[in-house]
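Asker: Here it is, the structure in full.
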Amino acid sequence: MPFDDYVWSAGLVTDLVNTSPQVWHGAEHLPDVGTLRTFLDEHGLVARAVEPSDLPPVQALRERLRPLIEESDPARRVAAASALTGAVGGLTLADGWAATVPDDASPAEVLGVVAGVGILAVHLHLGVDRFRPCSSDTCSGVFIDTSRPGRRRYCMPGHCGNRANVAAHRARRRAAGRT
Ligand SMILES: [Zn+2]
């Protein structure tokens, strides 16, 4: 997995963290092994056969990743992301830096390496201010902004972004009605 494809790897971190029930009104978006398989497929990741016992470590990784986005000290974030990157694999330099994981790595191990690489690469290429909370009043998600201008506001732009717009629209209408 190439180190420089941070739009993919950091996007995966954002997507994984926001499957947590603490983000979207208590709804667990990785409730079973089927949704975990779909999540891995959708992100183009192949792990060895995925078993039900693979789910709790992935959910635990997800809860470890959120504080890395919320972390206010860039040095601590880099240290934690580096630890993830080296947990089961390693970085190699051939045509460019790439992270490697063994073929028998578990989904949580693969995701951990990808997440560590994504966080480090965003630091390196985009800077320390790309780790942010969602701007929606109705969502407690967090995200890594890999957009070119760096002005993304929502963790799931097509989802909580729209909800925020609807909520703002209603609030304006209520305010207008009172005056
Ligand atoms: Zn959001």
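Asker: Any residue at all in region 59-81 that's in contact with a helix residue (DSSP H, G or I) (Cβ under 7 Å, 6 or more places away or on another chain), assigned to a loop (DSSP other than H, G, I, E, B) and closer than 12 Å to F131 by Cβ?
Answerer: yes
Asker: Which residue pairs have Cβ atoms under 7 Å apart, sit 6 or more places apart or on different chains, and have a first residue in region 117-139 that is closer than 11 Å to C155 by Cα and among the charged types (D, E, K, R) and a second that is open to solvent by less than 30 Å² (accessible area, probe 1.4 Å) and within 16 Å of the ligand (Cβ to nearest atom)?
Answerer: R132/V142; R132/F143; R132/D145
Asker: For region 72-90, indicate whether the set of residues that are touching a strand residue (DSSP E or B) at 6+ places or on another chain (Cβ under 9 Å), of a type outside the set (S, T, N, Q) and over 30 Å from D137 (Cα atoms) is non-empty.
Answerer: yes
Asker: Same structure again: Name the pairs whose Cβ atoms lie under 8 Å apart, with the first residue in region 142-170 and at pLDDT 95 or above and open to solvent by less than 30 Å² (accessible area, probe 1.4 Å), the second of a type in the set (D, E, K, R) and in a loop (DSSP other than H, G, I, E, B), and 6 or more positions between them or separate chains?
Answerer: Close Cβ pairs (under 8 Å, with a partner that is of a type in the set (D, E, K, R) and in a loop (DSSP other than H, G, I, E, B)) amount to F143/R152; D145/R151; D145/R152.
Asker: What's the total number of residues in region 19-37 that are over 26 Å from R132 (Cα atoms) and loosely packed, with under 13 Cβ neighbours inside 10 Å?
Answerer: 2
Asker: Among H43, H125, which is open to solvent by 50 Å² or more (accessible area, probe 1.4 Å), modelled with pLDDT under 95 and closer than 14 Å to S9 by Cα?
Answerer: It is H125.
The values are calculated or read from the model by the stated rules, or taken from the named source; none is laboratory data. Fair warning: this is a prediction, and the values are worked out from it, not measured in the lab. So basically every Cβ, Gly included, is an ideal-geometry build from the backbone, and we count neighbours across all protein chains shown. Side chains included, ligands, DNA and RNA excluded: accessible areas come from the protein's heavy atoms. Shrake-Rupley method; radii C 1.70, N 1.55, O 1.52, S 1.80 Å.
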